[in-house]
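Written below as structure tokens is the structure these notes are about.
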Amino acid sequence: MMAGRKLRFAPRSRATRKFAAASRDLAELYARTGRNGDAKKVYADLLLTKATDTTALLGLADIAIAEKKWSEAVALLNRARAREQV
């Protein structure tokens, strides 16, 4: 049964990598329409497949700013900035 679960999740993971731009657009749409939880999940999925995804980090920072989570926003912005300097 566990093997079946792995097979079901594998195509989604490949699709996320292949359509990262569409995933970013979807996350942005969720954020703009007040669905921050859904946006965070999409951004988190992007970061699982590519931990250096600057756009995902900036998207999460935007959400943290909207939620007035200042220290979280600063940490995310610093991570994004560090990625761009590499």
> Would you say A21 is among the aliphatic types (A, V, I, L, M) and at pLDDT 95 or above?
Replying inline: no
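Hey, could you check segment 26-40 for residues that are out of contact with any helix residue (DSSP H, G or I) (no Cβ under 7 Å at 6 or more places or on another chain) and surrounded by 13 or more Cβ atoms within 10 Å (Cβ to Cβ) and say which is nearest to A82 (Cα to Cα)? Even if it seems obvious, please write down each step before you answer.
Kept after step one, since they are out of contact with any helix residue (DSSP H, G or I) (no Cβ under 7 Å at 6 or more places or on another chain), are these residues of segment 26-40: 29, 32-35, 37.
Checking which are surrounded by 13 or more Cβ atoms within 10 Å (Cβ to Cβ) leaves us with 29, 35.
Values: L29: 26, R35: 28 Å.
Looking at the filtered set, the residue picked out is L29.
Restricted to segment 42-58, and to residues that are in a helix (DSSP H, G or I) and touching a Leu at 6+ places or on another chain (Cβ under 6 Å), which residue is farthest from S23 (Cα to Cα)?
Looking only at segment 42-58, we keep the residues that are in a helix (DSSP H, G or I), and these are 42-49, 54-58.
Keeping just the survivors that are touching a Leu at 6+ places or on another chain (Cβ under 6 Å) gives 42-43, 56-57.
Values: V42: 7, Y43: 8, A56: 10, L57: 13 Å.
Ranking the qualifying residues of segment 42-58, first place goes to L57.
Which residue out of A61, A75, A39, A82 is modelled with pLDDT under 95 and part of a helix (DSSP H, G or I)?
Working: A61 fails: modelled with pLDDT under 95; A75 fails: modelled with pLDDT under 95; A39 fails: modelled with pLDDT under 95.
Among A61, A75, A39, A82, only A82 is modelled with pLDDT under 95 and part of a helix (DSSP H, G or I).
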>> Restricting to segment 18-65, name every residue that is of a type in the set (S, T, N, Q) and within 10 Å of the chain's Cα centre (by Cα).
In response: S23, T49, T54, T55
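The values are calculated or read from the model by the stated rules, or taken from the named source; none is laboratory data. Just so you know, these numbers come straight off a predicted model, no measurement behind them. Don't worry about glycine lacking a Cβ; one is built from the backbone with ideal geometry, like all the others, and counts go over all protein chains shown.
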